[in-house]
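Below is one structure; the comments refer to it alone.
The values are calculated or read from the model by the stated rules, or taken from the named source; none is laboratory data. Source: prediction; values computed, not measured. Every residue, glycine as well, gets a Cβ built from its backbone with ideal geometry; the counts of neighbours run over all protein chains shown.
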Amino acid sequence: MPIQLNQVYYTYNLNRPDSKRALEDISLTFDDHCFTALIGKTGSGKSTLIQHLNALLLPDSGRVQINEHVLDFPVQVKKNGKVNYRKMKKLHKKKLPQVKEIRKTVGIVFQFPEYQIFEETVLKDVSFGPKNFGCTEEEAIEKAKKALTMVHLDESFYERSPFELSGGEKRRVAIAGILAMEPDILVLDEPTVGLDVRGQREFFHLIQDLYDQGKSIILATHQMDVVLRTCSRVIVLDQGKVVLDSTPLKLFQDKEFLSSSSIEPPIVFSFAMSLIERGMPIRLENIRSTSTLAEEIARVKGGKQ
Amino acid sequence: MNTKLGKYTSFNTLLHHMDARVKLITMIIFMVSVFLDYGTTYMNLVVDLFLFLILVILCIIGKVSVGTIFRALKAIWLMIFIILIINVFFPATKTGDIAFSINDFPVYWSSIMNVIFIFARLVLVLMMTNIFTCVTKPLELTNALEFLLFPLSLIRIPIHKFAMALSLALRFVPTLQEEADRIIKAQASRGVDYKQGKIKDKVKSIVSLIIPLFVSAFTSSGQLADAMEARGYDPNAKRTKYKTTHWSIVDTISLFLAASFLTGAILLAIFPYDLFSALQITLPKLK
Ligand SMILES: Nc1ncnc2c1ncn2[C@@H]1O[C@H](COP(=O)(O)OP(=O)(O)O)[C@@H](O)[C@H]1O
Ligand SMILES: [Mg+2]
């Protein structure tokens, strides 16, 4: 099990009047080669949770394990049963040498990843990550080229300034910057916000490819059609708590839960459900996109496939 | 995370509710009284001590952390040390009592007292500015500044434009902070370690923060200008206030106390009164 969270609590601005509890008692396991969706309203704690996955944030209390690296912050209790905040604070001040290794294993693509761009050429910017993790110049360039090919940016881009690229191209450069580090686990925080439809489609193809190559994917998103099409597991957060941990198929059939948590199932799925209600024996588990729905209808009607 | 030096924190205290103009005036009065000369260094230190006590009380009333202020002093220990060295080895006066000697080199009491005096002034100025900004919203601060600079508008200096520029700049401090936070996290995910590494790596990691920060600052300032223009902002128009301040009895009392303090300080500066000789306490001679 590459990632395991145990009773993780996190509060922003702890001990201040504007403190805000963002995660509460999170216990989750992410297996090897998983494709997991993380959904929930804005402010439900998705980004906060994601930042715990590569030690950008450390839990106030709780335990995070990434492969063999353990970040443990057990609750310190005084003799009288009260929480010993002083001791907890001390725990957080300790140096954590394993952090670099963790960040190499878990790559995070943030909401607007183009913020991280700063070099004068695309190739240099993408090779920045590998260099930080101890690659030589040549190795880093090699990895950068490979990553740029993955995001469909060809050689003509190598020497261009990243700042004069279009929004979509910039984002691809930024993602290549993470891919070049060759993380085993790729975490994406609403990565397609602000991309056009084609950019989004290409992007999800890319993620699917990476998954097929053996990487684990954890994806925070609001796009339910993507969840249905690609993910095998879905975790729903609400006010910093895990309220559902299931599969897309089960989630989108659970009408009660959907209405109470204001999640809208994808149109394809609702359409298939109404077809079933009207007596068509469609197998819901086969429905992932419009084309699979069409195939199902054709199968039922006995037409050609 | 503990409270940052000089950062406004919204508590519900007397100081937070006071009129920003009164707070600004009071701070200026304190500032002036720190830099007045009360005859002897000893008397200056007595006034400084008095002021220090007032400021500590204000810290307690306004829930400002005194600890944060003293932690901030860590950064200037080196400066204090250099001042000490200069004062000891190049004394301003070679008269007065000698405190002790290092290898026959005399160290004068006046040198030591000078350093203490400079240190005291530094602490006081740091404390008052910190208290002021901790209990005053940046926007109120600008409004107060605009109010106090009002006479300048009589000679046709466009202070409200300055005030607008200042309030926009202050408005963007937290935004930039958030932005920097976000960039630091993104770069940390790419393996940047801002704390460790060789000098060359450190420079590189700072560059990887500064450039994106500038890019986003320019973008957001451009967007802001567009948004202001789209909503019809005219720099030459007469400005009205969205928030009117309420003058309360606390403000009146505070203003009165501050004014009395200033009067006292000026009187003491004009008619020096040596407390120590009056009480017949002998201290090392400085001159
Ligand atoms: N830097 C921060 N300082 C204070 N509060 C924050 C900060 N970041 C997020 N929060 C708060 O924590 C909660 C969870 O936020 P976040 O994890 O960003 O949610 P999501 O990504 O699901 O939109 C929100 O209520 C948000 O207001
Ligand atoms: Mg988010």
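Residues are listed down the side, and each one gets a yes or a no for (1) exposed (fewer than 15 other Cβ atoms within 10 Å of the Cβ); (2) without any contact (Cβ under 8 Å) to a residue 12 or more places away in the chain:
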site	(1), (2)
B:Ile82	yes, yes
B:Asn87	no, no
B:Ala92	yes, no
B:Asp97	yes, no
B:Phe100	yes, yes
B:Ser110	no, no
B:Asn114	no, no
B:Ala120	no, no
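Every residue in segment A:160-174 that is surrounded by fewer than 22 Cβ atoms within 10 Å (Cβ to Cβ) and either at pLDDT 85 or above or of a type in the set (D, E, K, R) (or both), please. A:Arg160, A:Ser161, A:Phe163, A:Glu164, A:Leu165, A:Ser166, A:Glu169, A:Lys170, listed by residue number.
Name the residue, out of A:Gly194, A:Gly214, A:Gly240, that is within 16 Å of ligand 1 (Cβ to nearest atom), at positive phi and surrounded by fewer than 21 Cβ atoms within 10 Å (Cβ to Cβ).
Numbers: A:Gly214 fails: within 16 Å of ligand 1 (Cβ to nearest atom); A:Gly240 fails: surrounded by fewer than 21 Cβ atoms within 10 Å (Cβ to Cβ).
The conditions single out A:Gly194.
Entry remark, segment B:130-157: residues being without any contact (Cβ under 8 Å) to a residue 60 or more places away in the chain and not in a helix (DSSP H, G or I) number 4 in total.
Under the condition of being more than 10 Å from chain A (Cβ to nearest Cβ) and within 30 Å of the chain's Cα centre (by Cα), the residues counted in segment B:182-201 number 1.
Given the structure, is A:Gly177 closer than 15 Å to A:Phe110 by Cα, crowded, with 21+ Cβ neighbours inside 10 Å, within 14 Å of chain B (Cβ to nearest Cβ) and not charged (D, E, K, R)? So A:Gly177 passes the test. Taking the listed residues A:Asn84, A:Asn54, the one that is more than 16 Å from ligand 2 (Cβ to nearest atom) and in the same structural domain as A:His33 (by TED's automatic domain parsing) is A:Asn84, with no other qualifying. Give the residues of segment B:114-141 that are among the hydroxyl-bearing types (Ser, Thr, Tyr) and in contact with a Phe, Trp or Tyr (Cβ under 9 Å, 6 or more places away or on another chain), sorted by residue number. Selection gives B:Thr133, B:Thr136.
Given the residues A:Thr121, A:Thr105, A:Thr136, A:Thr149, which is the only one that is touching a Lys or Arg at 6+ places or on another chain (Cβ under 9 Å) and more than 9 Å from chain B (Cβ to nearest Cβ)? Working first, answer last.
On the way: A:Thr105 fails: touching a Lys or Arg at 6+ places or on another chain (Cβ under 9 Å); A:Thr136 fails: touching a Lys or Arg at 6+ places or on another chain (Cβ under 9 Å); A:Thr149 fails: touching a Lys or Arg at 6+ places or on another chain (Cβ under 9 Å).
Matching residue, one of A:Thr121, A:Thr105, A:Thr136, A:Thr149: A:Thr121.
Can you tell me which of A:Thr192, A:Thr149 is in the same structural domain as A:Ile102 (by TED's automatic domain parsing) and of a type in the set (S, T, N, Q)?
Numbers: A:Thr149 fails: in the same structural domain as A:Ile102 (by TED's automatic domain parsing).
Criteria check complete, one pass: A:Thr192.
Look at A:Lys170 and say whether it is more than 16 Å from the chain's Cα centre (by Cα), more than 14 Å from chain B (Cβ to nearest Cβ), away from ligand 2 (no atom under 16 Å from the Cβ) and among the basic types (Lys, Arg). Against the criterion (more than 16 Å from the chain's Cα centre (by Cα), more than 14 Å from chain B (Cβ to nearest Cβ), away from ligand 2 (no atom under 16 Å from the Cβ) and among the basic types (Lys, Arg)), A:Lys170 does not qualify. Right, A:Glu142: out of contact with any Leu (no Cβ under 9 Å at 6 or more places or on another chain), more than 11 Å from every other protein chain (Cβ to nearest Cβ), without any contact (Cβ under 8 Å) to a residue 12 or more places away in the chain and surrounded by 15 or more Cβ atoms within 10 Å (Cβ to Cβ) or not? The answer is yes for A:Glu142. Of all the numbered requirements in (1) crowded, with 18+ Cβ neighbours inside 10 Å; (2) charged (D, E, K, R); (3) within 16 Å of ligand 1 (Cβ to nearest atom), A:Arg229 misses one, and that requirement is (3). Only one of (1) within 29 Å of A:Glu264 (Cβ to Cβ); (2) away from ligand 2 (no atom under 16 Å from the Cβ) is not met by A:His69, so which one is it? With (1) within 29 Å of A:Glu264 (Cβ to Cβ); (2) away from ligand 2 (no atom under 16 Å from the Cβ) applied to A:His69, the lone miss is (1). Before we move on, is A:Ser44 away from every other protein chain (no Cβ under 12 Å), within 24 Å of B:Arg182 (Cα to Cα) and within 15 Å of ligand 1 (Cβ to nearest atom)? Against the criterion (away from every other protein chain (no Cβ under 12 Å), within 24 Å of B:Arg182 (Cα to Cα) and within 15 Å of ligand 1 (Cβ to nearest atom)), A:Ser44 qualifies.
Against the criterion of being modelled with pLDDT of 90 or more, exposed (fewer than 15 other Cβ atoms within 10 Å of the Cβ) and assigned to a loop (DSSP other than H, G, I, E, B), A:Glu264 qualifies.
Restricting attention to segment A:1-40, report how many residues are within 14 Å of chain B (Cβ to nearest Cβ) and not aliphatic (A, V, I, L, M). Outline the logic, then answer.
So in segment A:1-40, the residues within 14 Å of chain B (Cβ to nearest Cβ) come out as A:10-20, A:22.
Now drop any that are not not aliphatic (A, V, I, L, M), which leaves A:10-13, A:15-20.
Matching residues across segment A:1-40 total 10.
With the structure loaded, tell me whether A:Ile26 is among the β-branched types (Val, Ile, Thr), in contact with a Leu (Cβ under 7 Å, 6 or more places away or on another chain), within 24 Å of A:Val243 (Cβ to Cβ) and within 13 Å of ligand 1 (Cβ to nearest atom) or whether it fails that test. Answer is yes for this residue. Is it the case that segment B:14-29 has a residue that's in contact (Cβ under 8 Å) with a residue 60 or more places away in the chain, within 14 Å of another protein chain (Cβ to nearest Cβ) and closer than 20 Å to B:Leu141 by Cα? Checked against the condition, which is being in contact (Cβ under 8 Å) with a residue 60 or more places away in the chain, within 14 Å of another protein chain (Cβ to nearest Cβ) and closer than 20 Å to B:Leu141 by Cα, segment B:14-29 yields at least one hit. Would you mind stating whether B:Thr175 is β-branched (Val, Ile, Thr), crowded, with 16+ Cβ neighbours inside 10 Å and touching a residue at least 12 places away in the same chain (Cβ under 8 Å)? For B:Thr175, the condition - β-branched (Val, Ile, Thr), crowded, with 16+ Cβ neighbours inside 10 Å and touching a residue at least 12 places away in the same chain (Cβ under 8 Å) - is not met. Would you say A:Leu38 is surrounded by 22 or more Cβ atoms within 10 Å (Cβ to Cβ), over 24 Å from A:Lys104 (Cα atoms), at pLDDT 95 or above and of a type outside the set (S, T, N, Q)? When the stated conditions are applied, A:Leu38 does not pass them.
Against the test of being under 28 Å from the mean Cα position of the chain (by Cα), surrounded by 11 or more Cβ atoms within 10 Å (Cβ to Cβ), within 14 Å of chain A (Cβ to nearest Cβ) and at pLDDT 90 or above, the options B:Leu213, B:Leu257 yield a single qualifying residue, B:Leu213.
Of all residues being touching a residue at least 40 places away in the same chain (Cβ under 8 Å) and within 14 Å of chain B (Cβ to nearest Cβ) in segment A:51-65, which is nearest to A:Gln76 (Cα to Cα)? Just the residue, please. The extreme case among them is A:Asp60.
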